[in-house]
Amino acid sequence: MPGRMRNPPSTSIAEFQKLLKASNRVLALCGAGLSAASGLPTFRGAGGLWRNHQATDLATPDAFEDDPALVWLFYSWRRHLALKAKPNAGHYALAELAKKNKNFMCLTQNVDGLSPRAGHSPDMLRMLHGNLFDVKCFDEECSYIEPNNLRDPLCPSLAPASEDYPVDQTLPLLDPKKPTPQIKHEDLPQCPSCKSAGRTSLLRPGVVWFDEPLDEAMLDEVDAWVKKEPIDVMLVIGTAAAVWPAAGYTEKARTKGARIAVINPDPNAQKGLTSNDFFFDADAAEILPELFDGVIGKLEIPDQAN
Ligand code: OAD
């Protein structure tokens, strides 16, 4: 917890509502905390361990090369959780803001697909770290990609990641005392394009892993948007802002005149903010509808029955 700040950020909801209403260009950077209220674990902190592995250790090309079955089981479990989860009021509030303000650009590090499912217009949403439901070839020479594959399980061998268990019991896959299911290489998802060319390559999740570059065209487009004109407000929602280049957008927006509003229950997340900025120590799902109220009005959440 930071010590007493010399120029603490404002925590006034009314002041922020007034600012947002008067704002033209708004940028947002979202992270795993936005989906926390939908029941999806964050990366760092309590939810970050999976079978005694740090989630971030499994999100690398080297981890996939070493043990593709383990990495596929991890991502299959995340696909299953994300498919079962429902967008929360935070996702809907952001989607609504995008409908009301055509100068609102939303960058998300989340790969769970909950923002698109909340109706957030793809024109105004950039999924910086890819999409859990895109499946692509692991061979960089092959450009095969299948977008939005919602099959669950993706193939029979990955079924242990998609079992539903009563809440008071642990899914066997998540119990590190139980052995990891052994899956033969040939039973993992194979690239159909390589297969028809007589090669064997595995498919992998269409997310950006550590040590991998983000989509260059997307970054160029976002940078052009940022540079084009002054920015009034930058929302930093549910992210530890520990991963680059995503974390760098806050300072870029500041150089374009933006006042920063951080929404995060962790008091450390207000580090670097000044009295010109805002800090809301709250669950994004609870506070975003209220913060956007002056622009989006009363938020209607559609019936989410699957
Ligand atoms: P982190 O897990 O690093 O941070 C989640 C943040 O959300 C923390 O600062 C929490 O305090 C905050 N938080 C938790 N619950 C919240 C809630 N209900 N409302 C608002 N905030 C809440 O996740 P990210 O910052 O998203 O990248 O991580 C960034 C990237 O690191 C991920 O996209 C992923 C990961 O490795 C890749 O896989 C490339």
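What to note about this one:
- Filtered residues of region 261-306 (kept if of a type in the set (V, I, T) and over 22 Å from A32 (Cβ atoms)): T274, V295, I296
- Here region 268-281 is the region considered, the condition is being over 18 Å from the mean Cα position of the chain (by Cα) and either more than 15 Å from L20 (Cα to Cα) or among the basic types (K, R) (or both), and the residue that is nearest to the ligand (Cβ to nearest atom) is N268.
- Applying the condition of being open to solvent by less than 20 Å² (accessible area, probe 1.4 Å) and more than 13 Å from the chain's Cα centre (by Cα) to region 28-67 and asking which residue is nearest to the ligand (Cβ to nearest atom) yields A59.
- Scanning region 93-115 for residues that are part of a helix (DSSP H, G or I) and closer than 25 Å to L73 by Cβ yields a single hit, L114.
- Residues of region 149-170 that are of a type in the set (A, V, I, L, M) and surrounded by fewer than 16 Cβ atoms within 10 Å (Cβ to Cβ): L150, A159, V167.
- Residue tally, condition away from the ligand (no atom under 16 Å from the Cβ), open to solvent by 10 Å² or more (accessible area, probe 1.4 Å) and aliphatic (A, V, I, L, M), over region 97-116: 1
Okay, residues lined up against (1) touching a Pro at 6+ places or on another chain (Cβ under 6 Å); (2) of a type outside the set (A, V, I, L, M, F, W, C); (3) part of a helix (DSSP H, G or I):
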{"site": "R4", "(1), (2), (3)": "no, yes, no"}
{"site": "A14", "(1), (2), (3)": "no, no, yes"}
{"site": "L27", "(1), (2), (3)": "no, no, no"}
{"site": "S35", "(1), (2), (3)": "no, yes, yes"}
{"site": "T42", "(1), (2), (3)": "no, yes, no"}
{"site": "A69", "(1), (2), (3)": "no, no, yes"}
{"site": "H80", "(1), (2), (3)": "no, yes, yes"}
{"site": "K86", "(1), (2), (3)": "no, yes, no"}
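- Qualifying position, being within 16 Å of the ligand (Cβ to nearest atom) and open to solvent by less than 10 Å² (accessible area, probe 1.4 Å), among P205, P265, P289: P205
- As for region 87-96, it holds at least one residue that is hydrophobic (A, V, I, L, M, F, W, C), more than 16 Å from the ligand (Cβ to nearest atom), open to solvent by less than 40 Å² (accessible area, probe 1.4 Å) and not assigned by TED's automatic domain parsing to the domain that holds P176.
- Exclusive hit being under 29 Å from Y249 (Cα atoms), modelled with pLDDT of 95 or more and among the charged types (D, E, K, R), set D187, D134: D134
- Only one of the numbered conditions (1) without any contact (Cβ under 8 Å) to a residue 40 or more places away in the chain; (2) part of a helix (DSSP H, G or I); (3) surrounded by 13 or more Cβ atoms within 10 Å (Cβ to Cβ) is violated by L173, and that is (1).
- Hits in region 218-244 (condition: open to solvent by 50 Å² or more (accessible area, probe 1.4 Å) and within 16 Å of the ligand (Cβ to nearest atom)): A240, A242, W244
- Close pairs from region 255-271: first closer than 22 Å to F292 by Cβ and in a strand (DSSP E or B), partner open to solvent by less than 60 Å² (accessible area, probe 1.4 Å) and of a type in the set (S, T, N, Q), Cβ under 8 Å, at least 6 apart: I260/T250; V262/Q270
- Extreme residue, nearest to P9 (Cα to Cα), among residues of region 272-286 that are open to solvent by less than 30 Å² (accessible area, probe 1.4 Å) and in a helix (DSSP H, G or I): A284
- Check on R6, in the same structural domain as L125 (by TED's automatic domain parsing) and either at pLDDT below 95 or open to solvent by 50 Å² or more (accessible area, probe 1.4 Å) (or both): yes
The values are calculated or read from the model by the stated rules, or taken from the named source; none is laboratory data. Just so we're clear, the structure is a prediction, and the values are computed from it rather than from any experiment. Here the Cβ is made from the backbone with ideal geometry for all residues, glycine too, and neighbour counts use every protein chain on show. Remember, those area values only see protein heavy atoms, side chains included, never the ligands or the DNA or RNA. Shrake-Rupley method; radii C 1.70, N 1.55, O 1.52, S 1.80 Å.
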